[in-house]
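First up is the structure itself, then whatever we jot down about it.
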């Protein structure tokens, strides 16, 4: 995912300040996600991340999703509307798929944002794997949206 982020920054960096900010937020989210996973996977011991690290990740996840839904997508869809029917149709087709990932990410947040004692390694490990898949799907969809606008602008 981080390689994909580097490609996105190289391709679209400087194109739009909102997208630049969003890609920076994405980078921080992915770095913290990888840190959580690394803590759990460093040894054969079943080490759990600390409360602050998990809470920080949850907050970043919600912030990233919120920025996407309430600022970036709105801006991109508006520009797609101006750029033509093909761009607008793609945006309208991608948005429901992105929304599905939002629901899964918010469910993860709701489950872990206020959890003080994480005692089930297997459950958290499974949930982190799932949220990693969700983020990968979401990033791919977001990149399609940005790329379409970038090509047609």
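Among 127, 50, which comes first, second and so on when ranked by fewest other beta-carbon atoms within 10 Å?
Neighbour counts put them in this order, fewest first: 50, 127.
Would you mind ranking 34, 58 by Cβ crowding within 10 Å, fewest neighbours first?
In order of increasing Cβ crowding within 10 Å: 34, 58.
If I model a spin label at residue 121 and residue 85 as a point 7 Å from the Cα along the Cα→Cβ vector, what separation in nanometres do I get?
Rounded to a tenth, the inter-label distance reads 5.8 nm.
What is the spin-label model distance, in nm, from residue 27 to residue 75 if the labels are put 7 Å beyond Cα along the C-beta direction?
1.7
Taking 0.36 nm per residue of separation and subtracting the Cα-Cα distance, what length does fully extending residue 52 through residue 34 add?
5.0 nm
Using the number of other C-beta atoms within 10 angstrom as an exposure proxy, rank 151, 26, 21 with the fewest first.
Exposure proxy ranking, most exposed first: 151, 21, 26.
Simple spin-label model, 7 Å along Cα-to-Cβ: residue 17 to residue 97 in nm?
3.2
Taken together, the values in this text are just the output of simple stated rules run on the coordinates, not laboratory data. Remember, it's a predicted structure, so these values are computed and weren't measured experimentally. So basically every Cβ, Gly included, is an ideal-geometry build from the backbone, and we count neighbours across all protein chains shown.
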